Amino acid sequence: MHGRPRKASKPEDEAASAAKAVKLRSLQSQFMTYHHEKIYTKEAIELSTKLLEINPEAYTAWNYRKLAVEDSLSRIGPDPNLVKPILDEELRVVENALKQNFKSYGAWHHRKWVLSKGHSSTGNELKLLDKFQKLDSRNFHAWNYRRFVVELTNRSEQDELQYTDDMINNNFSNYSAWHNRSVLLSSLLANRADGFMPEKRIPDEFEIVHQAIFTDPDDQSGWFYHLWLLDQTVNVESPLLTSSWPSHGSSVILSGAGCLNGPPSNVTTFCSETGSFPLILYFDQAVGGVSPLTVTIDSELKGNENLVWEPISNKSSQVSCVWVARLKYFSSQPCGSKDHKVKVRLGNSPGIVSSRGYNFSAPYEFVFTVHVQDTAEDSHSQESIVSWTDGFELWDAQSKDLNSLFTLDQLNNGIDLKWRQAAIDSEIECFRLLADSKIGKLTLARLLMASEAMTLDAAVKGVYYEEILQLYNDLMALDSSHHQYYKNEHSVAFLHKVTSSSESLSRHLFRYRDMNNLVCLRLNKLSLSRIASVEKLLFVQMLDLSHNELHSTEGLEAMQLLSCLNLSHNRIRSFSALDSLRHVKQLKVLDVSHNHIGKHSVDTTRYLCSSPLSNSDWSQDGVRGQNPGLVTKYWDAYFVLRDLNLKQLDIAGNEIADDEFSSFVLQVVPKLVWLNGQKPGN
Amino acid sequence: MSSASSSQMGQLVADKHVRYILMAEKKKESLESVVMDHLRMNGAYWGLTTLDLLDKLGTVSEDEVVSWIMTCQHESGGFAGNTGHDPHILYTLSAVQILALFDKINILDVGKVSSYVAGLQNEDGSFSGDMWGEIDTRFSYIAICCLSILKCLDKINVEKAVEYIVSCKNLDGGFGCTPGAESHAGQIFCCVGALAITGSLHHVDKDLLGWWLCERQTKTGGLNGRPEKLPDVCYSWWVLSSLIMIDRVHWIDKAKLAKFILDCQDLDNGGISDRPEDAVDIFHTYFGVAGLSLLEYPGVKAIDPAYALPVDVINRIAFTK
């Protein structure tokens, strides 16, 4: 089926083929008779041998042979001298079959089956494997079989590591050997085996893989191994807290639903109809076990005894980078205006664990102030339309309120960075020598990003960003097939740069006067194809991402304060791409006008959206009363919009937005006040 | 769809492929057919799904196909690759998929088939292919896909099934057939597909895997299945559908891939091969057309990247209770 040249068949060939077909057909029929009548005579078994020699893929014949072996074994008893020849014959048949097709699943499995019965020397097996390595060093069946034999014989990981050494020294272009090496080495490192301390071993491995990459920069064999080494250098095993909202030292005004029409303020005002505010913890990797037992909160706010911590992730997951608890702040009696300090502590008791099994262990605490403000119930609620163009004021960069909103300072996590920084610096020096090649530029860009992430000194922070952005621009030209990959990385680096200092971030910050100076971040018209640095933007309440190249809201789920989002003039292709917004319970205003919704037949976020398709959303409430044909036709719009509490929605300028769809939207979101800038019913 | 003359390399000769498939179906006694006798059920799925994608499913006799399928079912509930052969999970899925195409799932004793599949789950969450115990993440995908179509996913331990698949995740972000096995695009499709169907894609590092997958695109525009291997049309399915499921398909050059697939057509006799100028077969014809579907090639129906069946078939099954 693979690698056979296309050629017209000549009449002689056709005749020969036809004759072979008749012969094979007759063999098959005879075999089937023996199999169905359970005949295991010498003659019958030999027929199956012939069949498998011609066609090792005939799986029923392998099954038959197993039955025949079991039949023989049951009749001769346990004497090894009698058993061995029977099993040896099976191994011979397998070897012949493999000569015909060394990728035959049936043949390899039959060998494993025979071996599991004992009586075969594993020395033979390793010799056989050496033969197959020489024929094709990438034969994954052989490598899998090797791992099977290694386990059976308890060969040490160090010995197997040496084997990968030999393979790689023989020919560095052996991805299968590099892969096996990564499996063995990660196990030895994790177990802190003798001579396998990361700070010594990782730099050694960098040296080894350089030979592969520098000998032929276009050969991919070492690329992914190098990336893994980089990950081991940059990422600490134990989870760390990256950021929180409210952040340490900040102050927040908490108010009721009517507050948006209240007196303006320079400090973040958070308004809630439910009288609770989100306390957000953002970790550097997915963790589980965040609960009142592992996170303690000291405050005078009443009613928070049975606090529930939610992971911001899809329903079947108990782990997430982002965890939220909703702290109540309105007690039953009005208490006038009052300041409360809230202290949050984590890491004192065990229980927060990463999905790889490492504990959050460094104790950490942060303190912030909340000012609870009573508001009179306002009868005409804030149903006025939100504009994205009028009513904004630039944030005063000098104002110390910026610092009261959030801190960009890296949380001091007390990890040992020295060997890591040294390794990165050494790699940067090396890869500058390869700066003309694709892998050289890409690796250098990644190394510089890693270096930035590790830099705590504010004086040198940010020096590499210009170079990183230039490298990605170079790569877009050099390797145009992967243009969008480099574009995405460019956007990520760009956003890291913007959020790397208060000064650069404040150039994009505004206050929306009409809504009590809500904090608005404008990142429009920046050719952004990807969202990043969200952990530094948790305080944002209005976000303008219009006129960019985004096709999904992946990453925005952490922005729990977001009440207004502008995604107009982007490349959103479907409502399923907005699935992450279902976690943003504060969202009231959404503009997805002038996108590509309805234009494409392929939905690339079909399975990243919770719905019956991915067996992850069965709730039938609300489906009654909807036209089932429309629910199927607009399934993703249905599931996403149903979970949002929107007051204002803009969908004009999308192919999907005809009258039928608009009226469907109004049925699914009955509380919508503004659709496409109009009150429905007008 | 107009059929192209051999000077137009950029056109899909759909009518020729339809004819190729219908003729191959009839040639039961050719050497190729006899050698592949044991996997006719897979062949039927590849051929019939291609016909449906080209909107020509009506050209075959539904009754003939369906009655032949039922002759392949065993008392255990599982289906064989052809009449007389032993049952196996591979052919059980193909049988269910073909019946889904014809909207004839209702002729099955769903309880029996689903029990056969569910019975193949092992303690550690993995799945065997049949009673002889070969374990492979391909079978995890097959079980999950099959049971989901039959709406019987609750018959297996989904959590353990997912756990086993995750244990086959490698440090390059990809997946192998068993824990520790090398990443391979075919296995990646199976694992990502299984995780997609069970709402478990959060276990995939989409950026890491996305980069590994997008680097399968070679200078020819075609995709290979692993680093430093030759491009092959079948990877246009396995790599492409994986990229789509994790929303990273924009990281490859879609136009160049489409051209590679079209260059693999036999413009005279119909059918698609693994590489340009190689011999064609049903397997690559299906993967070529399915790949073009994912690339939104005009005239080809949309295919679901996880179930490998037309979207209208899957939506019908998923959204009606």
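Of note:
- Candidates A:LEU87, A:LEU98, A:LEU52, A:LEU67: the one that is within 14 Å of another protein chain (Cβ to nearest Cβ) and open to solvent by less than 10 Å² (accessible area, probe 1.4 Å) is A:LEU52.
- Every residue from segment A:172-190 that is within 19 Å of A:HIS141 (Cβ to Cβ) and not in a helix (DSSP H, G or I): A:ASN174
- Filter result (exposed (fewer than 15 other Cβ atoms within 10 Å of the Cβ), not in a strand (DSSP E or B) and not hydrophobic (A, V, I, L, M, F, W, C)) within segment A:301-323: A:LYS302, A:GLY303, A:GLU305, A:ASN306, A:LYS315, A:GLN318
- Among the residues of segment A:1-31, those identified as at the interface with chain B (Cβ under 9 Å from one of its Cβ atoms) and in contact (Cβ under 8 Å) with a residue 24 or more places away in the chain are A:LEU24, A:GLN28.
- Of the set (1) out of contact with any strand residue (DSSP E or B) (no Cβ under 7 Å at 6 or more places or on another chain); (2) surrounded by fewer than 23 Cβ atoms within 10 Å (Cβ to Cβ); (3) farther than 17 Å from A:SER316 by Cβ, all apply to B:VAL117 but (2).
Per-residue answers, yes or no, for (1) farther than 16 Å from B:LYS301 by Cα; (2) more than 14 Å from chain A (Cβ to nearest Cβ); (3) at pLDDT 95 or above; (4) buried (at least 16 other Cβ atoms within 10 Å of the Cβ):
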residue: B:MET1; (1), (2), (3), (4): no, yes, no, no
residue: B:SER7; (1), (2), (3), (4): yes, yes, no, no
residue: B:GLY10; (1), (2), (3), (4): yes, yes, no, no
residue: B:HIS17; (1), (2), (3), (4): no, yes, yes, yes
residue: B:GLU25; (1), (2), (3), (4): yes, yes, no, yes
residue: B:VAL34; (1), (2), (3), (4): yes, no, no, yes
residue: B:ASP37; (1), (2), (3), (4): yes, no, no, yes
residue: B:MET41; (1), (2), (3), (4): yes, no, yes, yes
residue: B:THR49; (1), (2), (3), (4): no, yes, yes, yes
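- Which numbered condition A:LEU128 fails, given (1) more than 13 Å from chain B (Cβ to nearest Cβ); (2) under 23 Å from A:TYR34 (Cβ atoms): (2)
- Filtered residue count, segment B:155-189, keeping only those that are surrounded by fewer than 20 Cβ atoms within 10 Å (Cβ to Cβ) and acidic (Asp, Glu): 2
- Within segment A:434-449, the set of residues being modelled with pLDDT of 95 or more and aliphatic (A, V, I, L, M) comprises A:ILE439, A:LEU442, A:LEU444, A:ALA445, A:LEU447, A:LEU448, A:MET449.
- Subset of segment A:574-588 [surrounded by fewer than 21 Cβ atoms within 10 Å (Cβ to Cβ) and touching a Cys at 6+ places or on another chain (Cβ under 6 Å)]: none
- In segment A:491-520, the residues that are open to solvent by 30 Å² or more (accessible area, probe 1.4 Å), more than 26 Å from A:GLU383 (Cβ to Cβ) and out of contact with any Lys or Arg (no Cβ under 7 Å at 6 or more places or on another chain): A:PHE494, A:HIS496, A:LYS497, A:SER501, A:SER502, A:GLU503, A:ARG507
- Taking first residues from segment A:547-573 that are more than 14 Å from chain B (Cβ to nearest Cβ) and partners that are open to solvent by less than 40 Å² (accessible area, probe 1.4 Å) and among the acidic types (Asp, Glu), the Cβ contacts under 8 Å between residues at least 6 apart in sequence or on separate chains come to A:LEU565/A:ASP591; A:ASN566/A:ASP544; A:ASN566/A:ASP591; A:LEU567/A:ASP591; A:SER568/A:ASP591; A:SER568/A:ASP650.
- Scanning segment A:458-476 for residues that are surrounded by fewer than 19 Cβ atoms within 10 Å (Cβ to Cβ) and either within 14 Å of another protein chain (Cβ to nearest Cβ) or closer than 23 Å to B:LEU209 by Cβ (or both) turns up just one, A:MET476.
- Within segment B:270-321, the set of residues being among the polar types (S, T, N, Q) and either modelled with pLDDT of 95 or more or open to solvent by less than 10 Å² (accessible area, probe 1.4 Å) (or both) comprises B:SER273, B:THR285, B:SER293.
- Complete set of residues in segment B:261-306 that are over 24 Å from B:VAL192 (Cα atoms), more than 7 Å from chain A (Cβ to nearest Cβ) and without any contact (Cβ under 8 Å) to a residue 12 or more places away in the chain: B:PRO298
- The residue that is modelled with the lowest pLDDT, among those in segment A:596-621 that are open to solvent by less than 10 Å² (accessible area, probe 1.4 Å) and more than 7 Å from every other protein chain (Cβ to nearest Cβ), is A:ASP617.
- Condition check for A:ALA8: of a type outside the set (Asp, Glu), outside any loop (DSSP other than H, G, I, E, B) and either touching a strand residue (DSSP E or B) at 6+ places or on another chain (Cβ under 6 Å) or exposed (fewer than 13 other Cβ atoms within 10 Å of the Cβ) (or both): no
- Selection within segment A:124-167 - buried (at least 17 other Cβ atoms within 10 Å of the Cβ), touching a residue at least 24 places away in the same chain (Cβ under 8 Å) and among the aliphatic types (A, V, I, L, M): A:LEU128, A:ALA142, A:VAL149, A:LEU161, A:MET167
- Test: B:GLY111 is farther than 15 Å from B:CYS168 by Cβ and part of a helix (DSSP H, G or I): yes
- Looking only at segment A:168-214, and only at residues there that are of a type in the set (D, E, K, R) and within 14 Å of chain B (Cβ to nearest Cβ), the one that is surrounded by the fewest Cβ atoms within 10 Å (Cβ to Cβ): A:GLU205
- Sole exception among (1) assigned to a helix (DSSP H, G or I); (2) within 24 Å of B:TRP212 (Cα to Cα); (3) of a type in the set (Asp, Glu); (4) within 10 Å of chain B (Cβ to nearest Cβ) for A:ASP165, by number: (4)
- Here B:GLY129 meets the list (1) open to solvent by 20 Å² or more (accessible area, probe 1.4 Å); (2) touching a residue at least 12 places away in the same chain (Cβ under 8 Å); (3) within 12 Å of chain A (Cβ to nearest Cβ); (4) of a type in the set (Gly, Ala, Ser) almost entirely, failing just condition (1).
- Scan of segment B:53-64 for residues that are part of a helix (DSSP H, G or I) and surrounded by fewer than 20 Cβ atoms within 10 Å (Cβ to Cβ), ordered by number: B:LEU57, B:GLY58, B:THR59, B:GLU62, B:ASP63, B:GLU64
The values are calculated or read from the model by the stated rules, or taken from the named source; none is laboratory data. Computed from a predicted model, the values in this text were never measured in an experiment. A quick note on method: Cβ atoms are made from the backbone with ideal geometry, for glycine too, and the neighbour counts reach across all protein chains shown. What goes into the accessible areas is simple: the full protein's heavy atoms, side chains included, and nothing from ligands, DNA or RNA. Shrake-Rupley method; radii C 1.70, N 1.55, O 1.52, S 1.80 Å.
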